[in-house]
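Below is one structure; the comments refer to it alone.
Nothing in this text is a laboratory measurement; each read-out follows from the coordinates by a stated rule. Predicted model, so just to flag it, every value in this text is computed and none were measured. Methodologically, a virtual Cβ is constructed for each residue, glycine included, from the backbone with ideal geometry; neighbour enumeration extends over all protein chains shown.
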Amino acid sequence: MAESYDLVVIGGGPAGYAGAIRAGQLGKKVACIEWERAGGTCLNWGCIPTKTLLRSAELYQAMLHSEHFGFSCKGVDVDFEKVIERSRTVANTMGKGIEFLFKKNKVDYFLGRGHISVPGMVEIVDGQDKGKVLSAKNILIATGCKPTVIPGVEVDGKRVMTSREILANKKQPKSLVVLGAGAIGVEFAYFFNAFGTEVTLVEMLPNILPVEDQEVSQTLERSFKKQGIKLHMGSKASSIEVTRKGVKVSLEKGGKTTDCEAECLLLAVGVKANVEGLLSKRVELASDRGFLTVDGRYQTSVPGIYAAGDIIGPPWLAHVATYEAVQAVNGMFGASEPKRVEHFPGCTYCQPQVASIGITEEQAKEKGFNYKVGKFPFSASGKAVAVNHPEGFVKVITAEPYGEIIGAHIIGADATELIAEFGLAMGLEATHEDIHAVIHAHPTLSEAMAEAAASVTGEAIHI
C-alpha cells in the first residue's frame with residue numbers, strides 16, 4: 001500500500017533538497033527521492049568539489065609566486081591524487097549535512113529513481129529503495145541536467161571525459177583540450193593549467209564566457225593567455241579522434257583547419273534535461289527543447305505536478321534552482337505568492353574571478369536603453385594592490401534618467417563575493433548614487449564598487 005505525502009520531491013540537488021526542506025518547515029509530510037546522494041550534481045559532482053579543487057590551484061600558484069610577499073618556496077611538490085581526494089571528502093561532508101537537515105525537518109529520504117506512473121503516484125525504480133510506491137498530493141520534479149555529449153564520441157572516462165568523470169580522475173593529464181568555454185570549461189582550464197597541464201581551450205563563439213559582458217570576456221582572454229592557456233575562439237570541432245596516445249581534435253575557423261592533440265579531452269559543451277525514466281506513457285508534460293515548461297507558480301501542464309531548477313531550463317545555476325524550488329513550495333502550500341526569477345548573479349571561479357548580474361553593455365545597446373557606464377580598475381584599489389591582485393575592474397551600467405542599476409560586471413579578486421552588493425541594490429531598485437552614498441570600509445576590495453558607481457557621473461576619487 002502506498003504511503004501518502006503532501007509533497008514528493010524527485011531529485012535531491014539544490015532545487016530538490018531545498019524544496020523538500022521548505023515543505024518540512026511548513027509542517028508538511030514530505031519525501032525526497034534521490035538517485036545518488038543528497039546534494040545532487042552540484043554538491044557531489046559540480047559546484048562544491050570544483051571549488052575545492054580551485055582553492056588548491058590558487059594556493060599552489062600563491063606558493064609558486066611567493067616572492068611577491070618576501071618568501072621563497074622552492075621545490076613545491078603536488079600530490080594530485082590527494083588534491084582530488086580532498087574534493088571528494090568535502091563533497092561527502094556536505095552530503096552528510098544535507099542528510100542531517102532532512103532528519104531535522106522530518107523529510108523522508110529515499111534512494112532510487114523516481115518514476116511518475118500517473119499523476120499523484122511516484123514509484124521508486126532501481127536503487128536501494130526500489131519497489132516502494134508513494135502517493136503524493138503534489139509532486140515537485142527537480143531532476144536537473146546532465147552533461148551533453150557529442151554523437152559518435154564515446155565518453156570513456158580516460159581519454160574523453162565530461163565534468164563528472166574528470167572530477168574522479170586521480171591522474172593529472174600532461175595535456176588537455178577543453179571543448180566549450182562556458183563557466184565549466186573555463187574553470188577546469190584554469191585548474192589544470194595552474195598545476196602545469198598544457199591546456200587548450202576551444203570555443204565556437206567569438207569569446208570565452210560568451211554570456212558575459214564582452215569587455216570582461218576579452219580581459220579574461222588576455223589573462224588566460226598570460227597564464228599559458230592556448231585559446232581557439234570562433235572555432236568548431238569538425239572531428240574528434242581517439243588515438244592510442246590520446247585524442248586528436250580538428251578545429252575549423254574561417255575555412256582553415258587546425259589539429260590539436262592532447263592526452264585527454266574534456267567535453268564542456270552544455271547540458272541537457274535529465275528526464276530519462278522519469279515519466280510513464282500515461283504522463284505527458286509540455287516541454288521546450290527537452291526542458292519542462294511551467295507557469296508562474298512553477299506548475300507543469302499537469303495539475304499537481306511542479307518543476308524547478310535546471311529541469312525547467314536556463315539559467316542552469318544552483319542558487320537559481322534553490323530559489324525556484326522554495327518559491328514553488330511556498331506557492332503550492334499558500335505560504336506566499338511565488339515569484340519567477342528576475343535578477344540573478346552568474347559566477348565563474350577561475351582566477352581572475354568573474355561575476356555579473358543584470359544585462360551586459362551589448363544587451364543595453366540592443367534593447368535601446370539610454371544608459372551610462374561607470375568603471376573602476378582594481379589597479380587603483382589599495383587593497384587589491386596590497387594583496388597582489390590588481391587585475392580586472394568593476395563595471396556598472398545604469399539607466400537614464402534616474403540612474404537605476406541595470407547591470408553590473410566584475411572581473412578580479414573575490415568578484416564572486418562582491419557581486420552580492422549589486423544584487424541587493426538591484427533588488428531594492430537602488431541607483432548608482434545610492435551605492436556611492438554608502439561608506440565602504442577602507443581598505444577593502446568593496447571600495448571599487450562605490451568608486452565604479454561614482455564614476456558614472458565622473459565623481460570617482462581614485463581615477
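Odds and ends about this structure:
- Contour excess over end-to-end distance, with Cα ends at residue 195 and residue 3 and 0.36 nm allotted per residue: 64.0 nm
- Rounded to the nearest Hz, the phi-derived 3J(HN,Hα) couplings of the stretch 187-199 under the Karplus curve 6.51 cos²θ - 1.76 cosθ + 1.60 (θ = phi - 60°) are 5, 5, 4, 4, 4, 5, 4, 4, 9, x, 5, 6, 10, where x marks glycine and proline.
- Of 90, 182, 420, farthest towards positive along the dipole that unit charges on Lys, Arg, Asp, Glu beta carbons give the chain: 90
- Modelled this way, with points 7 Å down the Cα-to-C-beta line, the labels at residue 261 and residue 459 are 6.1 nm from one another.
- Nearest-20 debye value, the chain charge dipole, Cβ charges on Lys, Arg, Asp, Glu: 1400
- Alpha carbon centroid spacing (whole Å) that separates the stretch 350-366 from the stretch 408-435: 12
- Rg ratio (alpha-carbon, reference 2.2 N^0.38 Å) - the stretch 352-455: 1.00
- In this simple spin-label model, placing a label point 7 Å from the Cα along the Cα-to-Cβ direction at both residue 133 and residue 61 gives a separation of 5.6 nm.
- Reciprocal of mean inverse Cα separation for the stretch 74-145 (Kirkwood radius, Å): 15.4
- Rounded to the nearest whole Hz, the Karplus-based 3J(HN,Hα) values (6.51 cos²θ - 1.76 cosθ + 1.60, θ = phi - 60°) of the stretch 338-352 follow the sequence x, 10, 8, 5, 10, 10, 8, x, x, 10, 10, 9, 7, 10, x, with x at glycine and proline.
- Pairs from the table (171/225; 51/146; 171/248; 226/367; 174/245) lying more than 23 angstrom apart at Cα are 171/225; 226/367.
- For the chain, calculated [θ]222 nm from helices alone, where every DSSP H run of n ≥ 4 adds -39500 (n - 2.57): -9500 deg cm²/dmol
- Kirkwood hydrodynamic radius of the stretch 29-117, from inverse mean 1/r over distinct Cα pairs, in Å: 15.6
- Relative intensity, log₁₀ I(q)/I(0), of the stretch 160-269 from a Debye sum that treats every alpha carbon as a point, q = 0.17 Å⁻¹: -0.75
- Compared with the direct C-alpha span, the chain from residue 73 to residue 442 gains 129.8 nm at full extension, assuming 0.36 nm per residue.
- Three-way shape label, the stretch 329-405, alpha-carbon gyration tensor, a/c 1.5: oblate
- From least to most packed, judged by other beta carbons within 10 angstrom and beginning with the fewest, 56, 250, 4 follow the order 4, 250, 56.
- GluC sites (Glu not before Pro) restricted to the stretch 339-424 and DSSP loop, no more than 10 other C-beta within 10 Å: 342
- Likely footprinting exposure, 222, 244, 113, 22, fewest C-beta neighbours within 10 Å first: 244, 222, 113, 22
- Near residue 109, the amide H atoms lying under 5 Å from its own belong to 32; only residues 5 or more places off or on other chains count, and H is placed 1.01 Å from N.
- By the count of other C-beta atoms within 10 Å, a proxy for reagent exposure, 166, 411 are ordered fewest to most as 166, 411.
- Taking the alpha carbon gyration tensor of the chain, multiplying each eigenvalue by 5 and rooting it gives semi-axes of 37, 30, 22 Å, largest first.
- Global dimensions of the stretch 273-427 from alpha-carbon coordinates: Rg and Dmax equal 19.4, 63 Å.
- In sequence order, the stretch 282-292 has phi-based couplings of 8, 10, 10, 10, 5, 9, 9, 6, x, 9, 5 Hz under the Karplus curve 6.51 cos²θ - 1.76 cosθ + 1.60, θ = phi - 60°, and Gly or Pro positions carry x.
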